[in-house]
Amino acid sequence: MTHNYPRSSVLREEGLYWLSCFNPRDFGAWGVDFHMHTSWTDGRDSIEAMHWQAVEIGLKAILFSEHARFSSASWFGEFAGAILALPSDKCKALVGVETRITDEAGNLDLSPEVSRRCHLVVASVHRFPGQKDFDTSKLSGAEALDVELSLGLAAVTNASVDILGHPFGMSIARYQASPTDDMFRELVRAAARHGCAVELNSKYHAKFFKNWLAIAIEEGARVSLGSDAHCIEDLTSLRALGELE
């Protein structure tokens with residue numbers, strides 16, 4: 001059974017509205033980027049610099065999906081306040097978090113204090129359960145894909161998760177494994193059933209993008225676009241995905 005992560009209904013409704021503004025059938029109709037990091041954690045640039053760059057390249061809405069854990073409540077309030085203070089006339093800035101899926105029940109490494117301040121919550125696989133480091137020698141690529149699929153299927157059933165972040169990303173990046181379209185379809189179908197968006201991420205999914213976008217549309221799933229930007233230069237990487245269409 002998954003834990004409950006209390007949310008502000010007003011913030012969440014606003015976040016879901018902006019998430020719904022991207023129409024996957026008309027790439028680029030809305031300029032959005034719902035995955036980025038700043039100097040608050042492992043990014044290079046400030047919140048203000050990332051927002052300025054988003055305005056410069058014509059984005060209409062962005063989600064600051066900062067890395068946060070259960071222990072992040074001490075700084076997250078100040079972080080959220082800085083985002084809410086940004087001007088919204090040209091680009092709406094949303095408060096978010098990218099947090100870790102901790103187990104195959106779909107639980108998250110997320111505190112109620114952090115959750116309630118978010119417009120949207122992104123849940124991602126960053127390590128496998130019980131894994132203390134990034135040692136990849138204990139699993140084959142095929143085994144990693146199976147574990148990551150199980151974690152993703154569990155996470156989309158958690159009502160607190162709005163976006164499944166970079167599905168299969170760890171298997172792709174760390175195990176050089178290639179998920180099949182059927183695996184992605186299984187995940188997307190479950191996400192659609194539970195009302196969870198699935199992210200297409202320019203850092204991990206460039207070679208899968210065209211097929212996976214088509215699958216998401218076929219299955220009626222909500223799509224979230226994310227650059228996984230860690231600096232202002234990264235914010236243009238989503239354009240490359242659009243050019244593949």
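The values are calculated or read from the model by the stated rules, or taken from the named source; none is laboratory data. Note that the coordinates shown come from a computational prediction; the quantities given were computed from them, not determined experimentally. With ideal geometry, Cβ positions are generated from the backbone for all residues, glycine too; neighbour counts draw on all protein chains shown.
Annotations for the structure displayed:
- Residue match in the stretch 182-191 (condition: within 30 Å of residue 40 (Cβ to Cβ) and free of Cβ contacts under 8 Å to residues at least 40 places away in the same chain): yes
- Check on residue 34, touching a strand residue (DSSP E or B) at 6+ places or on another chain (Cβ under 6 Å), at pLDDT below 95 and either buried (at least 21 other Cβ atoms within 10 Å of the Cβ) or closer than 23 Å to residue 210 by Cβ (or both): no
- If you go through the stretch 62-71 and keep only what is outside any loop (DSSP other than H, G, I, E, B) and buried (at least 22 other Cβ atoms within 10 Å of the Cβ), you end up with 62, 63, 64, 65, 66.
- Qualifying residue in the stretch 78-93 (condition: assigned to a strand (DSSP E or B) and either touching a Pro at 6+ places or on another chain (Cβ under 9 Å) or at pLDDT below 95 (or both)): yes
- Subset of the stretch 137-175 that is part of a loop (DSSP other than H, G, I, E, B) and among the hydrophobic types (A, V, I, L, M, F, W, C) - its residue that is farthest from residue 125 (Cα to Cα): 159
- Residues of the stretch 199-226 satisfying the condition of being at pLDDT 95 or above and touching a Lys or Arg at 6+ places or on another chain (Cβ under 7 Å): 215, 219
- Sole exception among (1) hydroxyl-bearing (Ser, Thr, Tyr); (2) part of a strand (DSSP E or B); (3) out of contact with any Leu (no Cβ under 8 Å at 6 or more places or on another chain) for residue 38, by number: (2)
- Here the stretch 112-127 is the region considered, the condition is being in a loop (DSSP other than H, G, I, E, B) and modelled with pLDDT of 90 or more, and the residue that is surrounded by the most Cβ atoms within 10 Å (Cβ to Cβ) is 119.
- Any hit, the stretch 131-143, residues being out of contact with any helix residue (DSSP H, G or I) (no Cβ under 6 Å at 6 or more places or on another chain), surrounded by fewer than 16 Cβ atoms within 10 Å (Cβ to Cβ), touching a residue at least 40 places away in the same chain (Cβ under 8 Å) and more than 26 Å from residue 22 (Cα to Cα): yes
- Only residues that are surrounded by fewer than 19 Cβ atoms within 10 Å (Cβ to Cβ) and among the hydrophobic types (A, V, I, L, M, F, W, C) were counted in the stretch 87-111, giving 1.
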